[in-house]
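A.B. asks: I am attaching a structure below and will ask some questions about it afterwards.
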Amino acid sequence: MKPSREQSLAVLEQMLRIRRFEEKCAELYSAGKIRGFLHLYIGEEAVAAGVMPALDADDAVLATYRDHGHALARGVPAAGIMAEMFGKREGCSRGRGGSMHLFDVSRRFYGGNAIVAGGLPVAAGIALADKLQHRARVTACFFGEGAVAEGEFHETLNLAALWKLPVLFLCENNLYAMGTALSRSESDTDLCTKAASYNLPTASVDGMDVEAVWSAAREAVDTVRRLGIPYFLELKTYRFRAHSMFDPELYRDKAEVEMWKRHCPIATHSARLEAAGSIRPADIEAMRSRIEAEIDQAVAFAEAGSLEPVEDLELDVYARAAPSNEEKSS
Amino acid sequence: MTRTTYREALRDALREALQREPRAFLMGEDVGRYGGSYAVSKGLLEEFGEERVRDTPLSESAFVGAGIGAAIAGMRPIVEIMTVNFSLLALDQILNNAATLRHMSGGQVGVPLVIRMATGGGRQLAAQHSHSLEGWYAHIPGLRIVTPATLEDARGMLWTALQDPDPVLIFEHLMLYNLEGELAEEAGAVNLDFAAVRREGTDLSLITYGGLLGKTLQAAGELAQAGISAEVIDLRVLRPLDERTILESVARTRRAVIVDEGWKSGSLSAEVAARIMEKAFYELDAPVARVCSREVPVPYARHLEQAALPQVSGIVAAAKRVMSHA
C-alpha cells in the first residue's frame, strides 16, 4: 500500500517540521537556552514521520533519548516540547525530563528512555496489559541499533514472541551507537537475522525513503494488530549531525556524512512529489512558512513559561504524601 | 486463631489478591508449574490459570520491565524475583524506570507495581544467594521498601502494597518462610507506613527489621534475664523510614543498638544511626552501636556463615556494651 497524495504531503510537511524544529534547537542550544544533552534527529526524519501515521490514537509509543521527532510526529505540541527543553513548568514533562524525556500520556507517548534498550521491556509490558484486557492495540517501541547489543533487547524479543505480545519493535539503524560503528560492535550486522531467531516476523526498509517507511510500517502495524504478535522492523537511516552537542565526530569521515546527505529524505521525497506533479515549489514554501510560525510560537511559549517553584522540587516522587502524625495515632 | 506459617500467610495473601483484584497477576521464574522457588505460590497456577500465574523465562530485566509496562497500562502486576541477588539483573528497570518515571514525566506516569523477593542468608547458599541488599533499594527515592517479619505482615502487606500508586518492593527473609505461629482468621491488610514496637522496654532500643527480628527478640529476652529492659523496634518499612517511632523510642531509652543483616559500610544501619545523631543526639547517654554482617561475601561453610551473620550473642554483647556507658 502506498500513501495517497494527501498522505504524502502530510509526511513531507512533518519531515520539514521536524527538521526545522531541530535546527531551531541547535540554535537555542548555542544561545544557552537549552542545556544538558541534546540529540538531534536531522537526517532520520523519514522514520518517525513515516511510521507514526500507521498508528491509532489508542496505540502506545515509546522512544529513546533522540525523541523530538517522535514526539512531534505523535502530535505532542511543539510548544510543550520546547518549554520542556527550556526547563519550564509548562513543558510536557513539567521541566523534570528535558530533551531526552518527553512524555505525553494523553497521546499515549510514554517517553524518551535514555538507557539504551531500557524501553523495550516496558513496551512488552504495555502490550501485555493490552492483551490481558483484550484490547487490539499496538505498542510501537523505537530504539537504535546499539540496543541490539544489550541483553534487554534479546530478553524482550524472546518474551514478546513467547507470549505473543503485540509490540512493534522499530530499530532505527543509523550505523553508529554514539561513536561505535555497527561493524565494530556486532558479530553479525544483519539485525533481522538476529531478531528472526526469536521467531517473529522481520523486515528491513530504507529509512531514508519516507514512502517505503510509510508502506512498511502499515504492513507491520497491520500484522501486529491482526495477529497479536510482535514484529521487528529495521529502518536503515543516518544521522547527519553529531551524536549530541558534545560530540566532536572523530569516528566517521566527512565524506561519508556528505554521501549520506545526498540521500536526504526530505529532498528525495519533495523531488519525487514535484516530478509526479503532486506539489509545486509554492506549496513547499507555504509549508515552510506554517512551520516557521509554529516554531516561533513554540519558542515564544517556552520563553514566556514559568519556573517551577523550588518548594515543589519533591513533588511527583510518590503519588501519596507521607502520613501525618495524627494519622498514626488514629 | 489458626496455626500457619509465614509461607502460607504469603500464599494466602497472593490468593486474596488474585481473587479480589481482577487486574492483579503474578509472574516470575518458576512461580507456576514449579510452585515457586520457596514454594510460596504452590497451587496458585492450578487455581488461577496460566494467564494470571505466569512462568517467565530467566530474564529478570524483561519481566520486571514488563511488570512496569503492565502497571503503567492499567494492570496490578505482582512480580516475584527469586532472590534479591538476581534482582541486580533487573536493577536498570527498577531504578531507571519504576522509581523514576513518575517524577521524570512530571507526574504523568505512575507505576503501581509490587515486586516480591527473598533476601538474606543462613541456609549455606554462599555468596550469590545470601546477601541482604534491601538497604540499597532503600536508598532510592520513588520506591517503598517493606520487610515483613511477622505472620501478620506476611499476610497483610501485599494487599496494601497493591493499593499503592507507586512501586513497592517486598523483601521476604528466606529464614522466615518456615516460621510458624498463630494468626487471626480475619487477618488482612496492614499499614505500610509505620514501624512497630514489638517489645516494650526502658533501658535501650534495639532497632531491627525482617529476618533479624526473631534473633533480636531472643536477645531482648536474654537481656531481661540480666536485668536489662530492651525495647525492640521492627522498622517494617525501610523507605520511607518511620523516623518518629525511632526517635520517640530513643528519647525514652536514651540508648540504641541497630541490628541489620546488611554490611555495615554505607548501610541502612548507617542511615538509622545518622538520623538518631541528627535528631536525638542530646537524648543519648551512650554512642549508638550496630550489629551487622561482617564485611565479606557470605561464605558457604556453616561456621563461617554463622560468624558472618549477626547472632543473638552479638546483639546481647553490643547491648551490654552500650549499657556499660555511664
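A.B. asks: Of all residues being assigned to a loop (DSSP other than H, G, I, E, B), under 21 Å from the mean Cα position of the chain (by Cα) and small (G, A, S) in the range B:25-69, which is surrounded by the fewest Cβ atoms within 10 Å (Cβ to Cβ)? Just the residue, please.
C.D. replies: Taking the range B:25-69 first, the residues assigned to a loop (DSSP other than H, G, I, E, B) are B:29-43, B:49-52, B:56-59.
Add one more test, that the residue is under 21 Å from the mean Cα position of the chain (by Cα), and what stays is B:29, B:31, B:36-41.
Narrowing the set further to residues that are small (G, A, S) leaves B:36-37, B:39, B:41.
On the way: B:G36: 27, B:S37: 18, B:A39: 14, B:S41: 28.
Filtering first and then ranking leaves B:A39.
A.B. asks: Hey, another quick one. Take the range A:93-119 and flag every residue that is more than 7 Å from chain B (Cβ to nearest Cβ) and under 17 Å from A:G146 (Cα atoms).
C.D. replies: A:M100, A:G112, A:N113, A:A114, A:V116, A:A117, A:G119, listed by residue number.
A.B. asks: Check off (1) closer than 21 Å to A:F37 by Cβ; (2) in a loop (DSSP other than H, G, I, E, B) for A:R135 and give me the number that stays unchecked.
C.D. replies: Condition not satisfied by A:R135: (1).
A.B. asks: Here are B:P165, B:P148: which of them is touching a strand residue (DSSP E or B) at 6+ places or on another chain (Cβ under 9 Å), under 18 Å from B:R239 (Cβ atoms) and in a loop (DSSP other than H, G, I, E, B)? Outline the logic, then answer.
C.D. replies: Values: B:P165 fails: touching a strand residue (DSSP E or B) at 6+ places or on another chain (Cβ under 9 Å).
Going through B:P165, B:P148 in turn, just one is touching a strand residue (DSSP E or B) at 6+ places or on another chain (Cβ under 9 Å), under 18 Å from B:R239 (Cβ atoms) and in a loop (DSSP other than H, G, I, E, B): B:P148.
A.B. asks: Looking at this structure, is B:R294 over 24 Å from A:A322 (Cα atoms) and free of Cβ contacts under 8 Å to residues at least 40 places away in the same chain? Walk me through it before giving the result.
C.D. replies: On the way: over 24 Å from A:A322 (Cα atoms): yes; free of Cβ contacts under 8 Å to residues at least 40 places away in the same chain: yes.
Judged against the criteria, B:R294 is a match.
A.B. asks: Take the residues of the range A:81-115 that are surrounded by fewer than 22 Cβ atoms within 10 Å (Cβ to Cβ) and of a type in the set (G, A, S): which is nearest to B:Q93 (Cα to Cα)?
C.D. replies: Within the range A:81-115, the match that is nearest to B:Q93 (Cα to Cα) is A:A114.
A.B. asks: Could you tell me which residue of the range B:95-110 is farthest from the chain's Cα centre (by Cα), considering only residues that are assigned to a helix (DSSP H, G or I) and closer than 18 Å to B:Q163 by Cα?
C.D. replies: Among those residues, the one meeting the criterion is B:R102.
A.B. asks: Those residues that are facing another protein chain (nearest Cβ under 7 Å) and surrounded by fewer than 24 Cβ atoms within 10 Å (Cβ to Cβ), I need them from the range A:120-132; list them, please.
C.D. replies: A:L132, the sole residue that qualifies.
A.B. asks: Taking the residues in the range B:272-326 that are closer than 16 Å to B:G120 by Cβ and polar (S, T, N, Q) as candidates, determine which candidate is surrounded by the fewest Cβ atoms within 10 Å (Cβ to Cβ).
C.D. replies: By that ranking, first place goes to B:Q306.
A.B. asks: Does B:I145 satisfy the condition of being within 14 Å of chain A (Cβ to nearest Cβ), touching a residue at least 12 places away in the same chain (Cβ under 8 Å), surrounded by fewer than 20 Cβ atoms within 10 Å (Cβ to Cβ) and farther than 27 Å from B:Y300 by Cα?
C.D. replies: On the way: within 14 Å of chain A (Cβ to nearest Cβ): yes; touching a residue at least 12 places away in the same chain (Cβ under 8 Å): yes; surrounded by fewer than 20 Cβ atoms within 10 Å (Cβ to Cβ): no; farther than 27 Å from B:Y300 by Cα: yes.
In short, no.
A.B. asks: To continue, here is another question. When only residues in the range B:206-256 that are over 15 Å from B:V312 (Cα atoms) and hydroxyl-bearing (S, T, Y) count, which is surrounded by the most Cβ atoms within 10 Å (Cβ to Cβ)?
C.D. replies: Checked the range B:206-256; the qualifying residue surrounded by the most Cβ atoms within 10 Å (Cβ to Cβ) is B:S249.
A.B. asks: In the range B:189-245, what residues are away from chain A (no Cβ under 14 Å), in a strand (DSSP E or B) and of a type in the set (D, E, K, R)?
C.D. replies: B:R198, B:R199, B:E231, B:D234
A.B. asks: Quick one: which residue in B:S313, B:S265, B:S269 is within 27 Å of B:V146 (Cα to Cα), within 21 Å of the chain's Cα centre (by Cα) and in a helix (DSSP H, G or I)? Can you show your working first?
C.D. replies: Numbers: B:S313 fails: within 21 Å of the chain's Cα centre (by Cα); B:S265 fails: in a helix (DSSP H, G or I).
Exactly one of B:S313, B:S265, B:S269 is within 27 Å of B:V146 (Cα to Cα), within 21 Å of the chain's Cα centre (by Cα) and in a helix (DSSP H, G or I), namely B:S269.
A.B. asks: Also, I was wondering about something else. Determine which member of the set A:E219, A:E234 is surrounded by fewer than 18 Cβ atoms within 10 Å (Cβ to Cβ), in contact with a strand residue (DSSP E or B) (Cβ under 9 Å, 6 or more places away or on another chain) and under 16 Å from A:V47 (Cβ atoms).
C.D. replies: On the way: A:E234 fails: surrounded by fewer than 18 Cβ atoms within 10 Å (Cβ to Cβ).
Of A:E219, A:E234, the one residue that is surrounded by fewer than 18 Cβ atoms within 10 Å (Cβ to Cβ), in contact with a strand residue (DSSP E or B) (Cβ under 9 Å, 6 or more places away or on another chain) and under 16 Å from A:V47 (Cβ atoms) is A:E219.
A short reminder: the numbers here are calculations on the coordinates, not readings from a lab. The structure displayed is predicted, hence computed values, not measured ones. We place every Cβ from the backbone using ideal geometry, glycine too, and count neighbours over all the protein chains shown.
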